[in-house]
Structures are given as C-alpha cells and as structure tokens.
Amino acid sequence: MKLTTNFFKMTVVMGLLVFSFNSYSQTKTDSIKTEKVDTTHIKIEKKLRFGTGFGLNFVGGTNISVAPHLTYNFNEKLAVGVGVQFNYLSIKDVQTTTSYGANSIFEYKPTKKILTLAEFVQLRVSAKSDIGGSDTSFWDSALFLGAGYFITEKISLGAKYNVLYDEDESIYSSAIIPFVNIAF
C-alpha cells in the first residue's frame, strides 16, 4: 500500500513537472509573433480651424467679399466661429460701397459632404453715390442661412440667403450670395 501511495505521489509530481514544462514552452519568445504598427496614418481631428470665405455676386452689380474666420469644432458635426469681413459693392454709374466688420458663424454638418450654416454679420458701411455725389456711413446687419457641399475635406461651395435683406437699404446687391469656403 505504501508503495502504491509513493508511486501515486511520484506520478503526480512528474505529471505536474511535465505539464508545467509544456505550459512554459508554449510561451517561449521565439513563438510570439511581433508586428510593427504603422502609426503615421492615424487621423487626429483638429478642434480649432482657420478658414476663409470668398463671395462673388454679379446680380445687379458686383459684390466681392472676403471673410477669414476661426472656428471651434465641438465634434464632427457642430462648429462655432468668429471672423472679420470685408465687402466691396459696385453698381455701375450708381454707387460704390465698401464695408468691414465682424461675423459669428454656426455650422452643422448632417453628413460628411453637406454643410449648413447660420451667420450673423455686423458691418460698418461707407457708401459713395455717383448720382448725387453724396457720401454716407452707417451700420448694417445681415443674418445668413445657407448650405454648401464639400468638394474636398477642406473646400466647400454653396450659397447663403440673407433673411434681413431689404433691397432699398441693404449693402448686398442680392439676398442670395454664393460662397467658397477654404479651411486650413
């Protein structure tokens, strides 16, 4: 009986050693595969973006606008920004107007290709009339609602509509202004 008990103990110890050796041999470093991961293509979303908008309109005259702005992206769909703006408007043989001011922008991107925006603009206007020879200066406000399409990740084309447009008092030659926006 004593021999059987000793034999059983010895078998258990040998079995543990054999299984321990096999377990250890399965984790040898030469059996572990290592791969180098290329991290150069990881895209990090920039929260703060600089951009500039251009506007051209030739309906009823010439209207050119340049509007650099800085936006903060809350996420990939929502962004808020501020900027400055310069406008030039010329109606041949009637009036030449220049304006400058500030704007605030709210952008919503329902998809990666579509941009919707709301923009409030407050401008100081200097107008020179070619008919009566009078010069005037005043403040003008505009509230634009618009939509655009991203041609690339950084360039969008679209149009915006001035809901405060008044044909007799607005510095814009039309309520609808096409735009090109480039972000960096």
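Since every read-out is calculated from the coordinates, none of them should be taken as a lab result. Just so it is clear, the structure is predicted and the values come from calculations on it, not from any experiment. Glycine gets a Cβ as well: all are built from the backbone with ideal geometry, and neighbour counts include every protein chain shown.
Please go through the residue pairs 128/154; 92/154; 77/160 and name each one whose alpha carbons sit more than 27 Å apart in this structure.
As for pairs spanning more than 27 Å Cα to Cα, those are 128/154; 92/154.
Packing-wise, with mean Cβ within 10 Å as the measure, how do 103-109, 163-169, 124-130 rank, highest first?
103-109, 124-130, 163-169
With r defined as the distance between the Cβ atoms of residue 155 and residue 134 and R0 fixed at 35 Å, what FRET efficiency is calculated, to the nearest 0.05?
0.30
Under a point spin-label approximation (7 Å from Cα along Cα-to-Cβ), what is the residue 106-residue 80 distance to one decimal in nm?
Modelled inter-label distance: 0.9 nm.
Using every pair of alpha-carbon atoms in segment 82-142, split the distances into 5 Å bins beginning at 0 and state the percent of pairs per bin, rounded to integers.
4, 16, 20, 16, 13, 11, 8, 6, 3, 1, 0
Using 0.36 nm per residue, how much length does the chain from residue 126 to residue 92 gain when fully extended, once their Cα-Cα distance is taken away?
My answer for the length gained is 10.6 nm.
Can you list the residues of segment 51-79 with backbone N under 15 Å from a point 7 Å past the Cα of residue 114, pointing along Cα to Cβ?
From segment 51-79, the list is 77-78.
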